[in-house]
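Reading through the structure tokens given below for one structure.
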Amino acid sequence: MEFRTKVDIQNKDLSLSHHQKYLLLGSCFSDCIGEKLVNAGFDCVVNPFGALYNPLSIMNALTARDEEFLQWTQKSCGDLDFDKVIHSADVLILTFGTAWAYMLKQTGHIVANCKKQPDSLFTRFRVTVDEVIENYSEFIDCTIVPNHKTIVFTVSPIRHKKDGLHENQLSKSILLLAIDRLCKAYPNHCYYFPSYEIMMDELRDYRFYADDMLHPSPVAVDYIWEQFQQTFFDKKTIGFIEEFEKLNRILHHQPFDASNEVHQRLVAQTIEQIKDLKHAIQN
């Protein structure tokens, strides 16, 4: 007997590998998956501006990174040449967190983060499906399609309880409808991974949540990562992932005495093994 609702994932035709470069932007769930990809040996840039929650702020990061945009981000990208990152990225993994956005009244700029400034400075509004479609269609037409890039969309499984769970559902629904239309309009370039549905249906038990009962627990993130692997990676790539993860566990192990000669030698050997594994992947 089956005692849970299994999410049917449709994107089996998209194959990702270590040969591609990845850019991840979006909510803090992007950080979770980005960390998994980095530890699995993938070439990734993950949220260089900090978490971006609504689709319009994510699009601003991709197309309109002026001084005002940077003023309202959690962090700057430092010396990173972000235009080069976008140009070189083969796969963009974009995680939408909420349909609610904040517009600075003085300039009309949609801020990425309010930075705990007074609410009176902003107009809070819910973006529409059409607004998301309009913003992303132009970017896909001009950047994704002609350069043979891929976007993997996902909706954050983190619920936003501030306005109530009904409002959270309405917000997530806007994101899901917009993504669905984009994927249907650009079937060879846009794909959807159902992290939100996996959390809501397969992992609906509260034992899969963190202490705040809103964020996924580490076990839940691990499960969603496993589903991501099974959806987008072939057996060979998954084999490489397992090797990278094993070596990274050794590398990040906290010994009783980090200065111990035996431990230092093990770290050096592990680093060389990771380098050898990366070289093997590229050949």
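Going by the conditions given, is S137 in contact (Cβ under 8 Å) with a residue 12 or more places away in the chain, in contact with a Ser or Thr (Cβ under 6 Å, 6 or more places away or on another chain) and of a type outside the set (A, V, I, L, M)?
When the stated conditions are applied, S137 does not pass them.
Hey, does the range 50-66 have a residue that's surrounded by 22 or more Cβ atoms within 10 Å (Cβ to Cβ), in contact with a Ser or Thr (Cβ under 7 Å, 6 or more places away or on another chain), among the polar types (S, T, N, Q) and on the phi > 0 side of the Ramachandran plot?
no
From L56, L52, L62, L94, grab the single residue that is closer than 30 Å to E243 by Cα and of a type outside the set (D, E, K, R).
Matching residue, one of L56, L52, L62, L94: L94.
So that you can scan it fast, the table gives a plain yes or no per residue for (1) part of a helix (DSSP H, G or I); (2) free of Cβ contacts under 8 Å to residues at least 40 places away in the same chain; (3) more than 19 Å from the chain's Cα centre (by Cα):
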site	(1), (2), (3)
D201	yes, no, yes
A220	yes, no, no
Q229	yes, yes, no
L247	yes, yes, yes
V267	yes, yes, yes
D276	yes, yes, yes
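Restricting attention to the range 30-72, report how many residues are of a type in the set (A, V, I, L, M), in contact with a strand residue (DSSP E or B) (Cβ under 8 Å, 6 or more places away or on another chain) and either over 23 Å from F122 (Cα atoms) or in contact (Cβ under 8 Å) with a residue 40 or more places away in the chain (or both).
10
Might you let me know whether the range 237-259 holds any residue that is under 18 Å from K6 (Cα atoms) and acidic (D, E)?
no
Collect the residues in the range 184-199 that are surrounded by fewer than 21 Cβ atoms within 10 Å (Cβ to Cβ) and part of a loop (DSSP other than H, G, I, E, B), keeping them in residue-number order.
Y186, P187, N188, H189
Of these, T123, T107, T150, which one is farther than 21 Å from H215 by Cα, touching a residue at least 24 places away in the same chain (Cβ under 8 Å), of a type in the set (V, I, T) and surrounded by fewer than 17 Cβ atoms within 10 Å (Cβ to Cβ)?
T107
Every number here is computed from the coordinates shown, using simple stated rules; none is lab data. Keep in mind the model is a prediction, meaning the values are calculated, not measured. Note: ideal-geometry Cβ built from the backbone for every residue, glycine included; neighbour counts use all protein chains shown.
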